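Written below as structure tokens is the structure these notes are about.
Each reported figure results from applying straightforward, stated rules to the coordinates on display, with no laboratory input. These numbers were taken from a predicted model, which means no experiment stands behind them. As a convention, Cβ positions derive from the backbone with ideal geometry for all residues, glycine included, and neighbour counts pool all protein chains shown.
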Amino acid sequence: MSVALDRSLAHGVGHVADPDAAPVVSLRGITKIFPGLIANDAVDFDIRAGEIHALLGENGAGKSTLMNVLTGIYQPDAGQILLDGQPTRFVSPAQAIGAGIGMIHQHFKLIQAFTVAENIHLGWGETPVLISAKDIEDRTRILAEKFNLAVRPEARIDEISAGEQQRVEILKVLARGARILILDEPTAVLTPPEARELFKALRQFRAAGNSVVFISHKLDEVLAISDRITILRAGKKVALREAAGCTPSILANLMVGRDVVLHHARPASPHQANPGDPPPMVLQDVSALNDRGLPALTGIELELRAGEILGIAGVAGNGQRELSEVLTGVRPLQGGDIVIAGYRVPSSNPAMFRDAGIGHIPEDRLRSGLAPSLSIIDNAVLREYVIPPVARGHFIDHGSAAALAKRIAKDAEVGIPSFQMPVRNLSGGNQQRLVARREMRIAKSVLVAAYPTRGLDVGAINTMIDYLVALRDSGVAVVMFSEELEELLNLADRIAVLYEGRIMGIFNAKGADMEEIGLLMGGKTKHGERVA
Amino acid sequence: MFDLKNPSRRKFLTMAGTAAGASLLGNTGLVVPSAYGAGALGAVKEEDAVIAFGHVGPISDEGWTSTHHDGLVAVKAAFPKAKYLEIETIPYSADATRTFRQFVAENATLIFSSSEYGDLLAEVSNRAPKVAFMECNGHRVADNFSWYYVKHWMPTYVIGVAAGLMSKTGKLGYVASFPVPSVFTSVNAFQMGAKSVNPKATTQVISINSWFDPQGASQAGTALLDNGADFLFGIMDEAAYLQVAEKRGIPAAMWNTDVRRYGPKSYVTSCVVDWRKFYVEQTRKRLAGTWTGNEQILLPLGEGVDRDAWGESVPENVRQTADAVRTKMLKDGFNPFAGEIKDSAGKVKIAAGEKMDDMALYNWNWAVEGVTGLAT
Amino acid sequence: MAFRLQRLPSVRPEIAVAAHAVAIGLAFVVGGIAVTISGHNAFTLAAKVLTASFGSEFGLEDFGLLFGPLMLTGLAAAVTLRIGLWNIGAEGQFYIGAVFATGVGLFFSGPPWLMLTAMFLAGGIGGALWILVPTLARAYANVNEIITTLLLNFVAVLVVNYLSTGLWRDRKQSVLGATARIPYEVPNLSGSLHAGILVAVAAVVLMALLIRYTRWGYEVRISGANIFAAHYAGIPVRSRLISVMLISGAIAGIAGMLEVAGTVHRLQGGISNNFGYLGIIVAVLAGGSPIGVVFSGFVMAVILNAGIILQAQGILLNDVLAMTGLILFFTAIGEQVAHYRIVATHVVAQEA
Ligand SMILES: Nc1ncnc2c1ncn2[C@@H]1O[C@H](COP(=O)(O)OP(=O)(O)OP(=O)(O)O)[C@@H](O)[C@H]1O
Ligand SMILES: [Mg+2]
């Protein structure tokens, strides 16, 4: 793709970047080869001063890899990186940040047991050798003000929300003087208001003449924030477009290479529950604590119904993680009861829930759904190693295990060069697809899906939703957590609103009052009162 | 039924497997059998001889090991054309077996082990019948194996006499290694010497489970002094507790060598040992082909073991009284280890009129009356 | 143009092996220079080490007597690494295994095969008991196992000293407290090389098979790689943790039993030869893999054996220890170095 052509296209569009200025960074013909796979194939990519440049592509298209090459995590097998016109090569992210290029990864890399201030000052040349906790907290406060990012310096990372963690990551690179900020799927873990805050900060950053590379699967968001859009498909760059004049369907078609239907109406469940059957799962007055031992859920009354999708709406951090874990036996109850198909569960035990046909797509796949350093096969059989054919008595049949992994990868439409490779080498979206397929296989009666479309590309989201619907139609009770009310209204049969660990109300999706649900998510009723 | 207190009396079962397990590797022909020493135990030319010394401690300890190293130096001076091997700090583990085997592999003619390695050494000597072994403080003999030691109880008794005279309280302290015969004999001789001049003398013993542990010895010395002792003795390969005594202004007697510079005021004397003459003699015999195994050699007072010259602060009357005992031993063959002797529980072990002979003294394994802290 | 080191996220196995080989080679070069400076001929010494270790019956036996216990204690440390835990207490478990085996051997009698089996089991039980408290503390109260297992080593040494110089003392030995000779001996294969080495090889192979081919092994691997995922998947993490720790203790205890019943024949202080601590190094060099323990145990045995041979050649103990330390140091960093490669760079950032 010729750069001249793109410049002419850019003519007349009112963004800050000067199209004639030389790009600050220019990747030329970048090729990155992994065993059995070309992740980037002669990719050209420019970043101009004062622009937000989006990078789009299906799962596994090579977006993260390309940015990892730019920031020195990987070395390219071919191609050149020009920084301000000078050929450059970074051998470590630290060196890239030294040159003003900072990256926020798909999976955060903060140290959980450290405070915000400590994380920001860790491995930073400007941190004085001897410094008190108070001093680094003060320094962090000053930085936070300077860059207009609200963080609490003294809080430990494992105590703060995903949105705040992301602000810490951003502050960390901005503090180190980044003028080019790379964000890999930053909004996947953010609530809509947090995303709006982020966009505000990014626009400010751009206004100061800096640049942003923005990776996302949310096309609306991409169109709203970016100036230009580069699209990768199977490792190759297929298009570079001005955002103005693009539509979601144009982008989707470019990514996939054929027409895609972005939304289709889904008929309601044809499944008719047998009235004599007990519900697959009932929660009675359930309460539970969070990881820090504080109350996270109180008085939860919930009945799952076979052949129904129950949407759980709510702003992240209101007990979603705990509820999904309670539903799958991972988190012990503090009080109340769980009744599975008419049987009261004596104590929570994930193995028992698994055996009862309850699948679980966790909200944080790398932390709780996968063993990143182990092979794809080991991870694929995580739920079925106890049953034949993978289990043969006390032994594992490696042949069947490999066959099962292949089967899951095929169903999930993930191409895998080697099943022995650690699962962490898969792209973020492909990991998510594998986990989802794996869990759907065992979900004979209930599937608990926490943000199942997180990190998936547009096509994969459709496929995922089709599968959830198919599961429902076959009589499985699906519980779906999502922050996107529209998605829930479109998909769910009933919607429960979760606020501060309580169910605020349960509604039939058909004819639900969106405004009322929105208010309940914020802890308010329609009449403006706060609910206790 | 089994006997908890005395397992050594148990019937010794021989393993059929041991005999059956004949050299598997040796039979493959892949391995060159090691040379089991240079020729028969006949004469050896000086230039063909390999004399090996294995020590338990570092030769720089200025104590037990350095006295043996001095012996090696003397042998080297006498037979400069022979080859010498010396390894220090050999642990009491299977590493000892490996180390002595390495001497054999190096064609050693005569091997001195300056401490008792017991089975670990027997393991080697049994399979090297043409190499001569001498084990200091050993207990077994064979055609290629003798042991040697000193009658340290004689000078120790003399030191005990001095201690009994110098102690005001009669409370004596003893820094011991392990509750083994050398220690029993030493403690008992010391206590009996003291008691012969000071009826209220008692000896408190602390064992530190090591022969060379300066820090442990200092701690034990301090503890003994804190407990009221006003004279220290012990059986350590180094001089740590002397420094403790010097700091506290308490007299102390030592073992092995003259270490008075570590505590000139406190230093009373030492049970000094000297192997030079003995080692030269044994080596000469080995070269001449007259060395024999099956020997049990105890060097007497004045020939390899003695008290050291008295320290500066030892009063004249103490010197005279103690030396009178020593002279009596040398001139009249005085054996102070005569009944009646009671053990620390008050039971008569040696009846009046009976005398303990050298072997009984060498293998002494109970503490005499007045000794505390030494398990019997 | 400049040259920089770059850290790679993962290492190909052949590179890792090569890095280890280069590291060991380098350590030998440095060691060689050191002995040359101290006035010896490095090449004759090297030749000596090789012929003395592998060219003579004694050398091979000695080598085998080191290799066996190192494989076992290495395996003991390696299995806990698989579940993400550290057993620093193999030294203590080794001693207590020896104590239990000695107790059985001294105070009971029966046909040798029966007695040896009983001693073997007693050794394993002793080792497992010695790690029991750290295991339960870890499993139920999340108490760090590194500290508890380490501290129990010192207690174990005291127990051995107490028994060998006190209650079970043989009154004949002169210089060191030791029990009577245990009348049951592990059969010898060749000279004094006893069958313990076969037990060690069998244990390594068995453990490798267990970890790779059983559900238990799979659960252990998942628990070690990501404890949250293991819990999520319904793996009984706590009971796997307990079983792994107890097995580790039992292996170390069996090593102690074999040492006392096969090599030393008496319980006395110091018989562990630091095998428990060396086993940690063996396990780390092996990357926690049971089969890897065979190779790193082999290297360690060569190094230790060479140490003794060198002393007989007149190299002082301290120099030998320095060289042994050097080799271990090089092999350990070799592992890390394999993660890096050198790349040529233009450093624009520094020009700006
Ligand atoms: N270290 C690695 N070893 C082997 N293959 C890898 C490695 N890293 C990435 N890959 C492969 O390269 C391809 C591109 O991965 P990448 O992470 O760049 O995708 P992506 O475009 O970011 O996808 P997603 O939207 O799912 O995050 C994938 O097929 C992935 O499996
Ligand atoms: Mg990605």
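Note that region A:106-178, at 10 °C in a medium of 1.306 mPa s, gets a Stokes-Einstein diffusion coefficient of 132 µm²/s from its Kirkwood radius over C-alpha pairs. Can you give the FRET efficiency to the nearest 0.05 for residue A:208 and residue C:144, using r as the Cβ-Cβ distance and R₀ = 45 Å? Approximately 0.40, to the nearest 0.05. Cβ crowding within 10 Å ranks B:125, C:164, A:375 as A:375, B:125, C:164, fewest other Cβ atoms first. The angle between the Cα long axis of helix A:428-442 and the main principal axis of chain A comes to about 10°, on a 0 to 90 degree scale.
Using alpha carbons only, what's the Rg to Rh ratio of region B:301-367 with Rh from Kirkwood? Each step should come with its number before you reach the end.
Numbers: Rg = 14.8 Å, Rh = 14.2 Å.
With Rg and the Kirkwood Rh in hand, the quotient comes to 1.05.
Full extension of the segment from residue A:292 to residue A:249, taken as 0.36 nm per residue of separation minus the current Cα-Cα distance, would add 11.0 nm. For region C:63-284, the residue among C:95, C:226, C:64 whose Cα projects farthest onto the positive side of the dipole built from Cβ charges is C:226. All C-alpha pair distances within the protein assembly as shown, sorted into 10 Å bins from zero, spread as 2, 8, 13, 16, 15, 12, 10, 10, 8, 5, 2, 0, 0 percent across the bins. In terms of packing, defined here as the mean over residues of other Cβ atoms within 10 angstrom, the peptides B:150-161, B:307-318, A:395-406 line up highest first as B:150-161, A:395-406, B:307-318. For region C:167-290, the fraction of C-alpha pairs farther apart than 22 angstrom is 50 percent.
Secondary structure note: in chain B, about 15% of the DSSP beta bridges are antiparallel.
List the DSSP H helices in chain B whose Cα atoms stretch 15 Å or more along the helix axis and whose mean Kyte-Doolittle hydropathy is at least -1.0. Walk me through the numbers on the way to the answer.
Details: long enough: B:64-78 (22 Å, 0.02); B:94-105 (16 Å, -0.18); B:153-166 (19 Å, 1.34); B:181-197 (24 Å, 0.45); B:214-226 (18 Å, -0.11); B:276-288 (18 Å, -1.36); B:316-332 (23 Å, -1.06).
Span-like helices, by this rule, are B:64-78, B:94-105, B:153-166, B:181-197, B:214-226.
Computed FRET efficiency, Cβ-Cβ of residue C:298 and residue A:112, R0 35 Å: what is it to the nearest 0.05? It comes out at approximately 0.35.
The label point for residue A:344 and the one for residue B:78, both projected 7 Å from the Cα toward the Cβ, are 9.4 nm apart.
Given the DSSP H assignment, sum -39500 (n - 2.57) over each helix run of at least 4 residues in chain A and divide by its residue total; what's the result at 222 nm in deg cm²/dmol, nearest 500?
Helix contribution divided over all residues of chain A: -9000 deg cm²/dmol.
Couplings 3J(HN,Hα) of region C:302-307, computed from phi: 4, 5, 5, 5, 4, x Hz, in residue order, whole Hz [Karplus 6.51 cos²θ - 1.76 cosθ + 1.60, θ = phi - 60°; x for Gly and Pro].
When a/c is below 1.5 the answer is rounded, else prolate if a/b is larger than b/c, else oblate, so apply that to region B:120-208 with a ≥ b ≥ c taken from the square roots of the Cα gyration tensor eigenvalues. Since a/c reaches 1.5 and a/b is larger than b/c, the shape of region B:120-208 is classed as prolate.
Centroid-to-centroid, using Cα positions, region A:104-134 and region A:498-517 are 40 Å apart.
Averaged over peptide B:118-128, how many Cβ atoms belonging to another chain are found within 10 Å of each residue's Cβ? Mind dumping the intermediate values first?
On the way: counts 12, 8, 6, 0, 1, 5, 2, 0, 1, 5, 1.
Other-chain Cβ atoms within 10 Å of each residue's Cβ, averaged: 4.
Can you flag which of B:277/B:355; A:218/A:524; A:32/A:63; B:285/C:48; A:63/A:406; B:45/B:151 are past 22 Å Cα-Cα? Over 22 Å apart, Cα to Cα: B:277/B:355; A:218/A:524; B:285/C:48; A:63/A:406; B:45/B:151. Cross-link reach is defined here as a Cα-Cα straight distance under 28 Å, omitting same-chain residues fewer than 8 places apart; for residue A:134 the lysines meeting it are A:109, A:146, A:172. Of C:295, C:67, C:94, the residue with the greatest mean-square motion in the GNM of chain C, using alpha carbon springs below 10 Å, is C:295. Each label was represented as a point 7 Å from its Cα along the Cα-to-Cβ direction; for residue B:352 and residue A:441 these points are 9.6 nm apart. Label-to-label distance for residue B:297 and residue A:75 is 6.9 nm, based on points extended 7 Å past Cα in the beta-carbon direction. Does region C:63-284 classify as rounded, prolate or oblate by the C-alpha gyration tensor (a ≥ b ≥ c root eigenvalues; a/c under 1.5 gives rounded; else a/b over b/c gives prolate, otherwise oblate)? Judged from the Cα gyration tensor, region C:63-284 comes out prolate (a/c at least 1.5, a/b above b/c). The C-alpha atoms of chain A define a longest principal axis, and helix A:192-207 lies at about 0 degrees to it.
Helix A:398-411 and the longest principal axis of the C-alpha atoms of chain A enclose an angle of approximately 70°.
Residue by residue along C:184-195, Cβ atoms of other protein chains within 10 Å of the local Cβ number 6 on average.
Kindly work out what percent of the DSSP beta bridges joining two residues of chain A are antiparallel, to the nearest 5. Don't skip to the answer; put the middle values down first.
Numbers: 45 of 81 bridges.
So the antiparallel bridges amount to about 55 percent of the total.
Got a sec? Which residues in region A:56-87 would a label at residue A:147 touch, if it sits 7 Å along Cα→Cβ and we count backbone N under 15 Å? Hits in region A:56-87 for residue A:147 at 15 Å: none.
If you place +1 on the Cβ of every Lys and Arg, -1 on the Cβ of every Asp and Glu, and leave all else neutral, what size is the dipole of region A:106-178 about its Cα centre, to the nearest 20 Debye? Working shown, then result.
Working: 10 positive and 11 negative charges, 38 e Å.
About 180 debye.
Ordering of A:209-222, A:136-149 by packing is A:209-222, A:136-149, highest average first (other Cβ atoms within 10 Å, averaged per residue). The Kirkwood hydrodynamic radius of chain A, based on inverse pair distances between different Cα atoms, is 24.7 Å. Per residue, the convex hull around the alpha carbon atoms of region C:112-163 comes to 74 Å³.
Between the beta carbons of residue B:332 and residue C:322, assuming R0 = 45 Å, the FRET efficiency works out to 0.25 to the nearest 0.05. The gain in end-to-end length when the residue C:50 to residue C:22 segment is fully stretched comes to 8.2 nm, 0.36 nm per residue minus the alpha carbon separation. For a label point 7 angstrom out from the Cα of residue A:38 toward its Cβ, which stretches of region A:77-91 have the backbone nitrogen within less than 16 Å? Flagged as within label range: A:77-80. Comparing Cα centroids, region A:26-83 and region A:214-258 end up 16 angstrom apart.
Just check region A:281-521 against the gyration tensor rule for me: Cα atoms, a ≥ b ≥ c as the square roots of the eigenvalues, rounded for a/c under 1.5, and otherwise prolate or oblate depending on whether a/b exceeds b/c. Walk me through the intermediate numbers first.
Values: a/c = 1.85, a/b = 1.44, b/c = 1.28.
Prolate.
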